[in-house]
Amino acid sequence: MSATMTSAPATNQRDGAPPRVPERRRQLRPYILALPAVLVVIGILYPFVLGAYYSILNYTAANPDPHVVWFANYRSVLSDPQFWTSVRVTAVFAVVATALETVLGVGIALLLNRASKIGGIFEKVLILPLMIAPVIAGTIWKLMFNPQFGVLNHVFGLGTFDWLSKDAALWSSILVDAWIYTPFVAILVLAGIRSLPKEPFEASQVDGASWFYTFRRLQLPMMWPYILVAVIFRFMDCLKAFDLIYVLTAGGPGLATRTLQIGAYEDSITFQNFSRGSTYMFLLWILVFITARYLVSVLGKAQRRAAGAED
Amino acid sequence: MAKELMPGQKRFTTGSVLADVGILAWFAFALFPILWMVLLALKNDAQQTSTYFAFSPTVENFGTVLSDRGTQLTSVDFKTALLTSVINCGGAVLVSLVIGIPAAYAAGRWKFRGSEDLMFNMLSFRFAPELMVIVPLFVIYNQVGLFDTKVGMIWVLQLVTMPLVVWILRSYFQDLPEDLEQAALLDGYTRRRAFLMVALPLVRPGIAAAALLAFIFAWNNYVFPLILADTSASTVTVAITKYLGGGGQAYYNLTAAAALIGALPPLVLALTIQRYLVQGLSFGAVKG
């Protein structure tokens, strides 16, 4: 490498300047390279904007020549108790699943970080549930949930307990979601723990601080940004939960697991009311957007605090 | 390493036993469904619902799922769905690489107007509710004849694969010292040759990781083929749900066998790129 560096100027002098690209073309270079990707982005943004436009039309399969009705869809959706049930189901699912996965994931990461030989083997298989398609995971669990011959009722002696009944379905969905995505939190936090500097912990050990004190005052604040990244990903994904729940219950029984995306699917695809479905989606998008902005600002604060804690 | 880090750990010898117990408990929970899927896939038709752990295993189901007989029994054409998944996902990843690598290079090497907007838009695709885009696309696809076509699927899968490729590879190009390309330029290379002969080979591990991760996510996607495909562009994920959906006799053993086959490609690929998973899954927010 150093040889290249020293010989290079000589080469230049011998051959004269290397082929120079005109300044203007050089400045355009990044734009030319990025242009196809920009076109893809526009190609995806176009239907997005079109969807927002649908939400102020009265566009259904039965009414292919729609006209603008402004906020009629929003008024109708916002005054519909079904919509608010979906909001509640989505909120419960997102909050409980994210909290459960975060607590379990952080716990597993801490255990794997301190543990022994067993940990090394298990770390390899930790990601298996995460890599299986959520619909496939849902299918497996649906078979295990079966009240008559499902293996769960057999192993736990629950008789013919119905895991996907009106009262249990949402909690069972959260259980399966935790099965899939707890490893996601765990591997992110584990990578975070391992990237922490050692010095503060050594100093704390020299000072004779207890394990718990060190954990609470030192390790947790320093891990916090990594935990928050995991929380952001999980919470945002839970807000738009669809695959898993659709396979397990298709939103039922009744409205028990009808999340906002499942509601939007029913309206726009099942009932072919594109305007109403788009209204659902636009409202969900606003919810996701606000939540994202808030969580990212919390993350920024945590990162600054963690950086300060290192000093 | 952990032993030196944790002050007072000596007092936790019972604690480390408890830690092992905790880990074992999680992995029993995590691995049981996979084990159960394997067991169910090995049962014959007569034993699929009448037995739990004691049965006479057979590997016949895997062959049945992929054969015409399986299609007749369950009216699910699994091997066609498998082939379609390979074409859709392979095509989508290829398109993403061809379009995404130059964009990632541009965004990683130069600060240019709109580069941050481009990256932010890419990231927002990761978090946007899919149906917001899919419902209008459903209408458009039906109008222009892209509904239930592989081209249509490859296009819409860019929503999944493109952000991954661009975000992962931009961080690789950013971490690549620019000196290397400068040296090549001084040696008389053109920019294009410096990119192709110097930068690109050096980020090959990143390209492999991004491509495989994008393939996994495209493979596992369900909403797109569910809404935008019917028969000729429908994939493994949709096929698997059909086993439990239809009337007639239910073949749970075949369902499990199909689920296992459908889950295998992502699992194998994930184990080969395990080192890059954390960075990829968090879009570079956490370095693994």
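What follows draws every value from the coordinates through simple rules; no lab data is involved. What you are looking at is a predicted structure, and each value in this text was computed from that prediction instead of being measured. Neighbour counts run over all protein chains shown; Cβ positions are idealised from the backbone, glycine included.
Using alpha-carbon positions, what is the distance between the centroids of segment A:95-135 and segment B:265-288, in Å? Value for the Cα centre distance between the two parts: 14 Å. The label-point distance for A:Y213 and B:R193, in a model that sets each label 7 Å from Cα toward Cβ, rounds to 6.6 nm.
The modelled label-to-label distance for the pair B:T231/A:L39, using points 7 Å beyond Cα in the direction of Cβ, is 3.4 nm.
Net charge of the neighbourhood of A:V69, taken over other residues with C-beta under 15 Å away and scored Lys/Arg +1, Asp/Glu -1, is +1. Judged by the ratio a/c of the largest to the smallest principal axis of the C-alpha gyration tensor, the protein assembly as shown counts as oblate, that ratio being 1.5 or greater while a/b is no larger than b/c.
Within segment A:113-215, which trypsin sites (Lys or Arg not before Pro) sit in a loop by DSSP and count at most 13 neighbouring Cβ atoms inside 10 Å?
Values: sites: A:R114, A:K117, A:K124, A:K142, A:K166, A:R194, A:K198; in loops: A:K166, A:K198.
In loop regions of segment A:113-215 (DSSP not H, G, I, E or B), the sparsely surrounded trypsin sites (Lys or Arg not before Pro) are A:K198.
Given R0 = 51 Å, the distance between the Cβ atoms of A:H154 and B:L180 translates into a calculated FRET efficiency of 0.25. Across B:L97, B:L254, B:L271, mean-square fluctuation computed from a Gaussian network of chain B (C-alpha pairs under 10 Å connected) peaks at B:L271. Under 16 Å of direct C-alpha separation, and excluding same-chain neighbours fewer than eight residues apart, A:K240 reaches these aspartates and glutamates: A:D177, A:E266, A:D267, B:E130.
Result for chain B in a Gaussian network model with C-alpha springs under 10 Å: among B:V17, B:V278, B:V65, the largest mean-square fluctuation is at B:V17. Simple spin-label estimate for A:E202 and A:V95 gives 4.5 nm between the two label positions (7 Å along the Cα-to-Cβ direction from each Cα). Be a star and scan segment A:177-220 for residues whose amide nitrogen sits under 14 Å from the point 7 Å along the Cα-to-Cβ vector of A:R305. The answer is A:216-220. Once you reduce segment B:48-102 and segment A:193-251 to the center of their Cα atoms, the two points are 36 Å from each other.
Near B:A270, within a Cβ-to-Cβ distance under 15 Å, what is the net charge of the other residues, with Lys and Arg +1 and Asp and Glu -1?
On the way: positive: A:K124, B:R275; negative: A:E123.
Once positives and negatives cancel, what remains is +1.
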